[in-house]
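Notes follow the structure.
The values are calculated or read from the model by the stated rules, or taken from the named source; none is laboratory data. Small disclaimer: the values here were computed from a predicted structure and weren't measured. No Cβ is skipped: glycine too gets one built from the backbone with ideal geometry, and neighbour counts run over all protein chains shown.
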Amino acid sequence: MSKKPSLKDIAQRLGVSTALVSYVLNNKKENRIGKEIATRIRQVASELNYQPNRMAQGLKTNRTRTLGLIVADIANPFSAALARAVEDEAEQQGYTVIFGSSDENPAKCSQLIDTLLNRQVDGLLIAPPAGMEAKLTALQQQRTPFVLLDRYYPSLHTSYVALNNYQAMYHAVEHLLSSGYHRIGLVTFDTTLFHMAERGRGYLTALRDHELPTRKSWLKAVDPCNAAIETAKAIRELTTGAHPVDAVVFASNMLTLAGLQQLIRLHVRVPDELAVVGFDETDAYGLFYAPPTYIQQPVSEMSQQATRILLDMLDAPDRIMQVNLPANLIVQVSSLPQSAVHG
């Protein structure tokens, strides 16, 4: 394995001091250095493919210019979109991002946090699973800069950037009501996570505000570990029996896709027999014969704001900023008004 080029190699090539090379490559002002020699130093550094030792720099500056990001599952299109947007924003600010997936497991998330901190990341962006309150409180006590992304705990006074989940779901249900649907079911996850609870609250409040019945049998909470099978069962129950629904709202993209697959298997026509509203966007929606209406999260804005807040916190770890962003409802064929469907 060839030896990595060093500042000394660049200095020897040009016949200058290592201190001068370091001075130029560390982007310090060059008032007393000629432009020609500064240009030559950068040119030789590029020719030798010189890469600065971030760990060594970190020892001097107490910064490594790296950030840690923990999402639920990097394979999920929403998590992947978040990660990409964070990476793009961090790169613009001169930072590198190290990723990890918690798989909704608090023990794994806690271990990832420790691993990233051992790698000397300057701060953390975390989409936490349920049960992380104690670990996050410990991070605050240690004055470790972190921002919660997409999810947060109302019981903790932490910085976060998330969706206004209550308002997003409320508007989705109102859209279905205005389109003529009144027997509306919800498929969500059985979890204590606050953002999911807020989606359920938005659903129930919208129905109550419009003086419509809220049947327990119309609210299906499925086990995240067995989501596909339980979502299929939930769809069967919602579309049959004494009180079948005429519309369904899904509380995540995974649930939306599992639900659409089951509707195809059951030969339920959308929107003729059942209207559908999904959550988050994914390219797979385009494969469905009736493109679904969905709640679109402002992924880029969410990631940009969270990254910028974190970078601000590097100099002020005790500064708290909390942001709830509005969603956008993308209306498509799956929730056409009943008058259009049956007219």
Sort through 75, 127 and tell me the only one that's closer than 20 Å to residue 150 by Cβ and crowded, with 16+ Cβ neighbours inside 10 Å. 127
Residue among 186, 238 that is within 17 Å of residue 262 (Cα to Cα) and under 23 Å from the mean Cα position of the chain (by Cα): 186
When the stretch 130-177 is checked residue by residue, the ones that are closer than 18 Å to residue 105 by Cα and among the β-branched types (Val, Ile, Thr) are 137
Members of the stretch 213-235 found to be in contact with a helix residue (DSSP H, G or I) (Cβ under 6 Å, 6 or more places away or on another chain) and in a strand (DSSP E or B), listed by number: 220, 222
Restricting attention to the stretch 152-192, report how many residues are surrounded by 21 or more Cβ atoms within 10 Å (Cβ to Cβ) and either in contact with a Lys or Arg (Cβ under 8 Å, 6 or more places away or on another chain) or over 23 Å from residue 276 (Cβ atoms) (or both). 12
Restricting attention to the stretch 179-222, and to residues there that are of a type in the set (S, T, N, Q) and over 20 Å from residue 163 (Cβ atoms), which single residue is modelled with the highest pLDDT? 179
Scan of the stretch 155-181 for residues that are closer than 15 Å to residue 195 by Cα and part of a helix (DSSP H, G or I), ordered by number: 165, 166, 167, 168, 169, 170
Helices (runs of 4 or more DSSP H) within the stretch 64-146 that include 2 or more residues of a type in the set (Asp, Glu): 77-92
Within the bounds of the stretch 301-313, is there any residue that is farther than 30 Å from residue 142 by Cα and among the polar types (S, T, N, Q)? no
Output the number of the condition that residue 241 fails; it satisfies all remaining conditions of (1) at pLDDT below 95; (2) outside any loop (DSSP other than H, G, I, E, B). (2)
Filtered residues of the stretch 139-174 (kept if of a type in the set (Lys, Arg) and either more than 24 Å from residue 73 (Cβ to Cβ) or touching a Cys at 6+ places or on another chain (Cβ under 8 Å) (or both)): 143
Would you check if there is a residue in the stretch 239-254 being closer than 30 Å to residue 123 by Cα and acidic (Asp, Glu)? no
